[in-house]
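Worksheet: the structure to be examined is printed underneath.
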Amino acid sequence: MCGIVGAVAQRDVAQILVEGLKRLEYRGYDSAGLAVINAEGNIARLRRLGKVRALEEALVQEPASGGTGIAHTRWATHGAPSEANAHPHISGDNIALVHNGIIENHELLRNYLQEQGYTFVSETDTEVIAHLVHHEQKQGLSLLEALQKAVHRLEGAYGTVVMDRNDPERLVVARSGSPLVIGVGIGEYFVASDQLALLPVTHRFIFLEEGDVAEITREGVSIFDSAGLPVEREVVDSDLDHEAGDKGPYRHFMLKEIFEQPDAIASTLEDRMTAETIVLESFGHRAVEILRRVRAVQIIACGTSYHAAMVARYWFETYGIACRVEIASEFRYRKAFVPDDCLFLTISQSGETADTLAALRMAKEQGFMSSMTICNVPGSSLVRESDMAFMTRAGAEIGVASTKAFTTQLTALLMLVTATARATGRIDAEQEAEIVRELRELPHMIRNVLTLDDAIQQLSQAFADKHHSLFLGRGTMYPIAMEGALKLKEISYIHAEAYAAGELKHGPLALIDSDMPVVVVAPNNELLEKLKSNMEEVRARGGQLYVFADRHARLVAGDGIQVIPLEKVHDIVAPIIYTIPLQLLSYYVAIIKGTDVDQPRNLAKSVTVE
C-alpha cells in the first residue's frame, strides 16, 4: 500500500526520490521520508507527517545530497501516523531501510532483538527488519548476506530496500508478497514499488519475482532467488508515458481518467478483433486449446474488480457457461469445490492485490484446469504467475477510485465471454459479429455519455446535505449500482448502499424518506417494467429518485423524480455505458463535499497486504 523509491547514481538523487514519491501518491499514505548517504559518509534522513510536499519543503530547509538514497510513503498499519513511525528506519548509525508489507512475526523478533541489546524507537514492524539486518551484519556478513539471512526469519509480506553508510554505492533489496521493480539507467540504477515512479529517469525495468534478493550498484545488478542461487531476470522496455502522472488540464486525476475512457477502451480493443470475430490468440498462445475445454469459470477479485466479475457472471451464464464469483479474501480461507474443466480467472488493476494473488497460488494446488488474469500492469505478479494474461491497456490510473480500470475490465471480460462462447460452440458467427460491432462502437458511445457532464454536475447539488444514499438496479445493472455506491462512498464519504431493486420490500424500504436520495440505473430492457414498479414503491414513501434512463423508457421527470436520459444501447454493453454517469455523479458530489478526490482518507490504490 506504500511507495518505495531508491537510487544509486553519480548525481544527487534527493530530487529524483521526491519526484518518485509524488508519482506514487495515488497509493495512499500518511507520512513520507527519505535518507541519502552524504559526502561526509553519514546518513542524512528527513521524515514528515502528511503529504510529500511537506517533505519537499523540509528538504529546502535541510538539504540532503548524495548519490545513494532511499525514500518512502507510509500508510499506517503498525503504529499511528507519526514522524517516529515514518520510514526510513535506521539501525546503529549505518543501516537505513524502507519496507512495504506486514511482518506477522514482528513481536517475536522484537523480543529477540531487545534481548540482543537493541532499543526500538518506533511502533512499527519495519524497525524489526532494520535491526535484524544490522544484527546479522555484526556477525561478519556482507550487506547482501545479512539481508539474505534476515529475510529467512521473516513471516509475512515485504518489499524492502536497505543501504549501509559504510558501503555507500550499494543498495540491497528483497521481495516477497510486495512488488519491487529495478530501473535500468546508464551508469545508474533505481528501484521502486511501481515503475510509474521511475518513468522520468528510465523506461527499462527488471521485475523482481517472489523470493528474489538483489544487489544494486552503479555497475550493475545481481539477483538471487529464494535459495540464494544467482538468476537472470529479463529487462523489459516499458511503453508507459512519462506524462501519465500529470493531470493536464483537469482538476483531478479522477476526472482526467473518466474522460480518458473512450481512448482506454479503444486501446483494450486494438488488434484483438477482426471485422466480425474476437481473436482468440489475444488471450495467450494456448488460448484456443484452453478455451475450447471450458465448461465453468471461477472468478476471483476484490473491490471494483469484484463488481466487474459480477457483471461477467451474467454474461457467461447467458451463453450457458457456469460461472461463480467470489471475493478473494473469502475464497482463500475456505475449501472450494472445483468443477470439471473450470477456468480460474482473476481480475486486478495492479496485478499485486495480496488476497487475489494468494487465491491464485492456492488454486494451483486445487486442480483447476487453467488460470488466467485480466490485469492492467505488465510484469505484475498475477501476470507472471497465471497461465494466460489479458492486459487491459488502460494506462496508469492514479485516482484511488477506479474508473477506466473498471470499464476496460468490463470490456476485456465481454471479449473473453464472447471468445469462450465461440470456442465452445455456444454462439454462432452472426451473434459474435453483433457483439463485435457493439464493442467497436463503445468509445463513440462513451463520448456521447460524457456530454452529460454539465447536467450531472447540476444534479449533484441535490446531494450537498445528504449523508446516506441508495442505489438500485436489476440484472446486470445490479453490480453497476454496487459500483456506483462504492464510488460515492469512497470519495464523498456519503454512506451508500446498493440493492437489487426487487429486494426493496425485504428491508431497504424502511430507510426511504425525503432525505434519502435513491439513484436508479434504468436501461430499456426486459426488466424495465418491474424496475418502474420498484421506483413507484420509493415515490409512494416520499423518496427522491434520480434516474439514469434510456430516453425511450418513457420515464418522465416530476415530483420526486429527476431523469437524466441516455441514448439507447444494446443490452450487452449497457453495463459499461451506464457506469459513466455514476462515476461523474460521485466525482461532483465529492467536489461539493470538499473531500480529497484522488486520495480519499484511509484508502490506498493497490492493496498489497492482507
* Which ones in region 177-194 are in a strand (DSSP E or B), among the small types (G, A, S) and over 18 Å from the mean Cα position of the chain (by Cα)? -> G183
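I need the full set of residues from region 355-396 which are of a type in the set (D, E, K, R), more than 13 Å from the chain's Cα centre (by Cα) and either more than 30 Å from F259 (Cβ to Cβ) or modelled with pLDDT of 90 or more (or both), in order please.
Initial filter on region 355-396 (of a type in the set (D, E, K, R)): 355, 361, 364-365, 384-385, 387, 393.
Subsequent filtering for residues that are more than 13 Å from the chain's Cα centre (by Cα) retains 361, 364-365, 384-385, 387, 393.
Passing the criteria: R361, K364, E365, R384, E385, D387.
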* Structure fact -> Only one of E104, E56 is charged (D, E, K, R) and over 27 Å from V151 (Cβ atoms), namely E56
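If you go through region 116-127, how many residues are over 18 Å from R153 (Cβ atoms) and within 28 Å of the chain's Cα centre (by Cα)? Show your work before the answer.
At the first step, the residues of region 116-127 found to be over 18 Å from R153 (Cβ atoms) are 119, 121-123.
Pick out the ones that are also within 28 Å of the chain's Cα centre (by Cα) and you get 123.
Result for region 116-127: 1.
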* Among the residues of region 503-540, which ones are buried (at least 16 other Cβ atoms within 10 Å of the Cβ) and assigned to a loop (DSSP other than H, G, I, E, B)? -> I512, M516, P523, N524, N525, L527
* **Residue in region 538-553 that is nearest to the chain's Cα centre (by Cα), counting only those that are more than 15 Å from F471 (Cβ to Cβ) and either of a type in the set (S, T, Y) or at pLDDT below 80 (or both)** => A553
* Asked: With respect to the numbered conditions (1) under 24 Å from A396 (Cβ atoms); (2) not in a helix (DSSP H, G or I), which one is the sole condition not fulfilled by A197?
  -> (2)
* Restrict the check to region 552-561 and report whether at least one residue is of a type in the set (A, V, I, L, M, F, W, C), surrounded by fewer than 16 Cβ atoms within 10 Å (Cβ to Cβ) and free of Cβ contacts under 8 Å to residues at least 24 places away in the same chain. => yes
* Asked: Across region 179-190, what is the total count of residues that are in contact with a Leu (Cβ under 6 Å, 6 or more places away or on another chain) and touching a residue at least 60 places away in the same chain (Cβ under 8 Å)?
  -> 2
* To do: Taking the residues in region 204-217 that are out of contact with any helix residue (DSSP H, G or I) (no Cβ under 8 Å at 6 or more places or on another chain) and crowded, with 17+ Cβ neighbours inside 10 Å as candidates, determine which candidate is farthest from G6 (Cα to Cα).
  => D212
* Asked: What about Y158, is it in contact with a strand residue (DSSP E or B) (Cβ under 8 Å, 6 or more places away or on another chain) and either of a type in the set (F, W, Y) or without any contact (Cβ under 8 Å) to a residue 24 or more places away in the chain (or both)?
  -> yes
* Structure fact -> Within region 113-152, the count of residues that are crowded, with 19+ Cβ neighbours inside 10 Å, polar (S, T, N, Q) and closer than 19 Å to F224 by Cα comes to 2
* Structure fact -> Over region 169-189, the set of residues under 14 Å from E215 (Cβ atoms) and not acidic (D, E) is R170, L171, V172, V173, A174, R175, L180, I182, Y189
* Asked: Do any residues in region 314-331 that are within 21 Å of S348 (Cβ to Cβ) and touching a residue at least 40 places away in the same chain (Cβ under 8 Å) have Cβ atoms under 8 Å from those of residues that are in a helix (DSSP H, G or I) and among the polar types (S, T, N, Q), where the two are at least six apart or on different chains, and which pairs are they?
  -> F316/T420
* Give A84, A96, A130 a once-over and let me know the one that is more than 28 Å from the chain's Cα centre (by Cα), touching a residue at least 12 places away in the same chain (Cβ under 8 Å), over 18 Å from H152 (Cα atoms) and outside any loop (DSSP other than H, G, I, E, B). => A96
* Among residues belonging to region 292-340 that are aromatic (F, W, Y) and part of a loop (DSSP other than H, G, I, E, B), point out the one that is nearest to A412 (Cα to Cα). => Y319
* In region 200-213, what count of residues is obtained for those that are at pLDDT 90 or above and either acidic (D, E) or in a strand (DSSP E or B) (or both)? -> 6
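The values are calculated or read from the model by the stated rules, or taken from the named source; none is laboratory data. Given the structure is predicted, the values throughout are model-derived calculations rather than measurements. Backbone-built Cβ (ideal geometry, glycine too); neighbour counts: all protein chains shown.
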